[in-house]
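A quick write-up on the structure given underneath.
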Amino acid sequence: MDFYKNTLSNMQKSAKIMKLDSEVLETLSHPQKTLIVSVPVRMDDGSLKVFEGYRIQHSELRGPFKGGFRYLPDVCLDEIKALATEMSFKCAVVGIPYGGAKGGIKCNAKEMSQGELERLTRKYVQAVYQIVGPEHDIPAPDMYTNSQIMAWFMDEYSRLVNKYQPGVVTGKPIEVGGSLGRDSATAQGGVYVLQDYLNTLDEKDRKKDYKVIVQGFGNAGMHAADILHGLGFTIVGVSDSRGGLYNAEGLDVQQVIKDKKTKGSVTECNEGKCLKPHEILEQPCDILVLAAMENQVIEENMKHIKADILLELANGPTSFEADEYLNKKGVVIIPDILANAGGVTVSYFEWLQNQQSYYWPLEEVKVKLKRIMQESFARVNKFQKEYKCSMREAAYISAYDRLEKAMKLRGSGANLRCKIYR
Ligand code: GLU
């Protein structure tokens with residue numbers, strides 16, 4: 001099943017459970033705006049290459065559009081649609097005053113020079129600047145986009161509108177309006193939710209030593225391994241796009257991070273047995289942290305998953321079929337729209353700090369993030385008990401509850417739709 005169909009299936013299933021007004025489901029099943037742009041870039045060898053870029057604004061029922069943009073060779077409209085839709089639900093789950101959006105450019109960022117990436121980013125801003133802005137749509141990092149790219153984005157946008165606008169984008173470097181704690185926010189938010197979930201378990205179900213595998217060693221995965229290791233969890237496996245590393249006794253996480261940073265891959269570390277990228281998912285562990293990308297736990301491998309708990313730090317890592325199968329088996333899945341919402345929550349803090357030109361200490365960011373994640377988990381938990389459903393279904397219900405109220409209060413003007421094509 002493709003990613004967008006997957007998202008729609010999750011939405012429909014939860015809507016049915018809570019008997020949601022069909023007009024709310026119908027409205028949220030269509031993004032408000034779709035923009036497709038051509039991004040011409042002068043490459044280092046002197047040639048001109050035209051890349052395809054997207055920005056999809058799904059819903060602004062609860063506030064300005066919000067969501068990252070990614071640079072990937074096979075990014076497509078349906079993938080961005082799914083991610084934009086999930087952003088609306090994610091922001092509603094944690095109750096931050098934003099709608100959802102997502103963007104992307106079809107390109108191979110890994111093979112581009114810094115100069116090419118800068119020109120690509122600036123051209124993309126020139127193509128989308130009329131529909132973004134601190135009060136309209138606020139992009140952020142996602143796969144293969146980072147704080148440097150956000151700095152270029154902010155600079156180009158500020159130039160185009162002729163005023164300093166740090167709040168147009170989040171995930172910026174600290175020196176140009178970023179927030180302390182944004183780097184580790186996705187992982188930290190997920191860990192707060194995981195800890196809260198573990199605290200709901202009876203004494204007899206609670207283990208002393210949880211064995212954890214982290215799939216994906218980008219921003220979310222690396223920080224998750226580091227934070228969990230620091231809390232006393234045993235990290236038995238990690239992986240990146242090149243392969244996996246497994247050691248049933250536990251890995252020295254600091255060494256793995258060092259090797260990843262200096263040698264480019266976790267497979268360069270001598271700490272454990274090297275595996276093919278997908279094999280890591282099937283190794284023995286208690287908690288599997290999915291921090292790579294969408295569609296990783298699918299029909300083909302779902303029967304080989306050994307973990308009791310899945311923590312979805314990536315967006316859409318579990319397919320609809322695999323989700324149904326694992327739920328029946330009793331595996332607990334902490335769903336993406338809750339588990340990885342720490343990232344956009346600290347993006348919200350960054351935007352608030354930009355609006356006020358007043359910057360918070362790290363401690364304040366952490367305390368506020370913890371409170372939001374704990375309240376959001378408690379609310380999802382309440383809906384889960386009320387509807388006797390999975391945590392994913394309860395998270396969607398929790399979001400629908402807020403989205404529906406906003407829609408009813410704002411009236412029919414709120415769901416005006418329009419599409420822009422190039
Ligand atoms: N790309 C991240 C996500 O999928 C962060 C979005 C944001 O901070 O706006 O949640």
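Since every read-out is calculated from the coordinates, none of them should be taken as a lab result. Since the model is a prediction, treat every value here as computed from it, not as a measurement. Using ideal geometry, Cβ is built from the backbone for each residue, glycine included, and neighbour counts are taken over all protein chains shown.
Using the per-residue mean of other Cβ atoms lying within 10 Å as a proxy for protection, in what order, highest first, do the peptides 270-279, 52-61 fall?
On the way: 270-279: 15.6, 52-61: 25.0.
Ranking the peptides 270-279, 52-61 by packing returns 52-61, 270-279.
Taking K and R as +1 and D and E as -1, what net charge do the other residues with C-beta under 15 Å from the C-beta of residue 64 add up to?
Numbers: positive: 33, 55, 62, 66, 90, 102, 410; negative: 60, 135, 137, 350.
Combined, the nearby Lys, Arg, Asp and Glu give +3.
Find out how many positive minus negative residues lie around residue 335, taking Lys and Arg as positive, Asp and Glu as negative, among other residues whose Cβ is under 15 Å from that of residue 335. Walk me through the intermediate numbers first.
Values: positive: 13, 90, 379, 392; negative: 86, 196, 294, 312, 323, 324, 336, 393.
Once positives and negatives cancel, what remains is -4.
The label-point distance for residue 201 and residue 367, in a model that sets each label 7 Å from Cα toward Cβ, rounds to 3.1 nm. Between residue 43 and residue 381, what is the FRET efficiency for a Förster distance of 51 Å, r being their Cβ-Cβ separation, to the nearest 0.05? After rounding to 0.05, the efficiency reads 0.50. What separates the Cα centres of the range 311-350 and the range 58-133 is a distance of 19 Å. Distance from the alpha carbon centroid of the range 1-30 to that of the range 269-289 works out to 34 angstrom. Estimated from helical segments only, the mean residue ellipticity of the chain at 222 nm is -14000 deg cm²/dmol, where each DSSP H run of four or more residues counts as -39500 (n - 2.57).
If we sort 356-367, 332-343 on the protection proxy, mean other Cβ atoms within 10 Å, highest first, what's the order?
Values: 356-367: 13.2, 332-343: 27.2.
Order by mean packing, descending: 332-343, 356-367.
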